[in-house]
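**Q** Sharing a structure, written as C-alpha cells. Questions coming.
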Amino acid sequence: MFDGYKIILGSASEGRRSIFERVFKEFVVITPDVDEVMSSYRLGRYRHNPIMLSMFLSYIKNLDVQSKVLETDKYIVFTFDTVVVHQGDIKGKPESKEVALEWFYSYREDFQEIVTSYSIYISDIDIIINDFDVSTVYFKSVPDEEIENYIRNNPVTNWAGGIAIERAQGFFNILNGDLDSIIGVPTKKMIDQINKLIR
C-alpha cells in the first residue's frame, strides 16, 4: 500500500501506532510539538465548535511535523486530533485523574460523541487533506470500582475525555462509527481519500 512513499505518523498515541502497525508495512513517528490549549485560542469563539477545533489542531500538528521532515523522497504525513463531546461540552485531555473521575461518573448511562479529525500531507502533489469523522458511543452503568480501577491504572490525562476505548471496551456500546475512528484513526475513510489522489 502506497508503495514509493515514506509514511510518517505525527502522533505519540499508542492506539494510533497500533493501528498504523496493522495498516502499513513501515512507518516512522515524528511527534508534533503543539500546545493544544494555547493554539485553540487562535480560533476565537470557534474553539467551542468541536469539529472546527479538532480539524484546526490536526492541521497545525501536520504543519509542525512537516517542518521537521528531512526527507527528500515522496512522503505522506498523517496527524490527528480527537475530542469527546458530552452534553454539549468538549472534553479534551483531563487536567488530573480527579477530573477524569468526575467526567467518568457523569458519562454513565449517557451518550458521547467522539470527533476524530485528520490531516494528511502528500508531498509529491503538495496537497493536504483535512477532514473528520464522528462516532457515537453509549457509556454503560459501570460500577464505581471499575471506573476507579481504570483511572488508577491508566494514563488518562493523555487521552481526550480520559478515554482510551481499546482499554475500556467493556464500558461502551458503539452506536455509530467504528473502533479505529474512536481510537483516533478513521482508517477506511482516510485510505479511500488518498487512493483517489495517488493512484
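**Q** Is there a pair in Lys6/Lys140; Lys6/Lys189; Lys68/Lys97 whose C-alpha atoms are over 30 Å apart, and which pairs would that be?
**A** Values: Lys6/Lys140 41 Å; Lys6/Lys189 20 Å; Lys68/Lys97 33 Å.
Violating the 30 Å limit, Cα to Cα: Lys6/Lys140; Lys68/Lys97.
**Q** For Lys188, give me every one of the aspartates and glutamates with a C-alpha distance below 14 angstrom, ignoring sequence neighbours fewer than eight places off in its own chain.
**A** Straight-line reach from Lys188, under 14 Å: Asp131, Asp133, Asp178, Asp180.
**Q** Please compute the length gained on full extension between Ser67 and Glu102, using 0.36 nm multiplied by the number of residues separating them and subtracting their Cα-Cα distance. Each step should come with its number before you reach the end.
**A** Values: separation 35, 0.36 × 35 = 12.60 nm, distance 3.83 nm.
8.8 nm is the gain from fully extending Ser67 to Glu102.
**Q** How far is it, in nm, from the label point at Asp3 to the one at Asp110 when both lie 7 Å from their Cα along the line to the Cβ?
**A** Inter-label distance under the simple model: 5.2 nm.
**Q** Looking only at GluC sites (Glu not before Pro) in DSSP loops with at most 15 other Cβ atoms within 10 Å, what is the longest site-free stretch of the chain? Mind showing how you got there, number by number?
**A** On the way: sites that count: Glu26, Glu71, Glu95, Glu109.
Answer - 110-199.
**Q** So if I restrict to the alpha-carbon atoms in segment 89-199, what is the Rg, and what is Dmax, the biggest pairwise distance, in Å?
**A** Gyration radius and largest Cα-Cα distance of segment 89-199: 16.3, 52 Å.
**Q** Straight distance only, please: which lysines reach the Cα of Lys93 with their own Cα at less than 17 Å, same-chain residues fewer than 8 apart left out?
**A** Hits, sequence-local ones excluded: Lys61.
**Q** Would you report the distance distribution of C-alpha pairs in segment 109-165 as whole percents per 10 angstrom bin, up to the bin with the largest distance?
**A** Reading the bins upward from 0: 18, 36, 25, 14, 7, 1.
**Q** Could you look at the chain and say what percent of its accessible area is carbon and sulfur, using a 1.4 Å probe and all protein chains?
**A** Values: 4810 of 10250 Å².
Within the chain, the accessible surface is 47 percent carbon and sulfur.
**Q** Please report the spacing between the Cα centers of segment 106-120 and segment 1-43 in Å, no decimals.
**A** 19
**Q** Kindly report the accessible area of the chain per residue (heavy atoms of protein chains, probe 1.4 Å, no ligands, DNA or RNA), in Å².
**A** Details: 10250 Å² over 199 residues.
Result: 52 Å² of accessible area for each residue.
**Q** Cα-based Rg of segment 149-199 per 2.2 N^0.38 Å, rounded to two decimals? Numbers along the way, then the final one.
**A** Numbers: Rg = 14.5 Å, N = 51, 2.2 N^0.38 = 9.8 Å.
It is 1.48.
**Q** Sticking with this structure for a sec: For segment 10-115, build the convex hull from the C-alpha positions and give me its volume per residue in Å³. Don't jump to the answer; show the numbers that get you there.
**A** On the way: hull volume 13.2 nm³, N = 106.
Dividing the Cα hull volume of segment 10-115 by its residues yields 125 Å³.
**Q** What per residue convex hull volume, in Å³, comes out for the chain when only alpha-carbon positions are used?
**A** Working: hull volume 22.8 nm³, N = 199.
Output value, Cα hull per residue: 114 Å³.
**Q** To the nearest 20 debye, what is the magnitude of the charge dipole of segment 87-199 about its Cα centre, counting +1 on the Cβ of each Lys and Arg and -1 on the Cβ of each Asp and Glu?
**A** On the way: 11 positive and 19 negative charges, 62 e Å.
That gives a dipole near 300 debye.
**Q** Of the beta bridges DSSP finds with both residues in the chain, what % are antiparallel, to the nearest 5? Before the final figure, lay out the partial values.
**A** Numbers: 30 of 37 bridges.
In the chain, DSSP labels about 80 percent of beta bridges as antiparallel.
The values are calculated or read from the model by the stated rules, or taken from the named source; none is laboratory data. None of the values given here were measured: they were computed from a predicted structure. We place every Cβ from the backbone using ideal geometry, glycine too, and count neighbours over all the protein chains shown. Heads up: the accessible areas ignore ligands, DNA and RNA and are worked out on the full protein's heavy atoms, side chains in. Shrake-Rupley method; radii C 1.70, N 1.55, O 1.52, S 1.80 Å.
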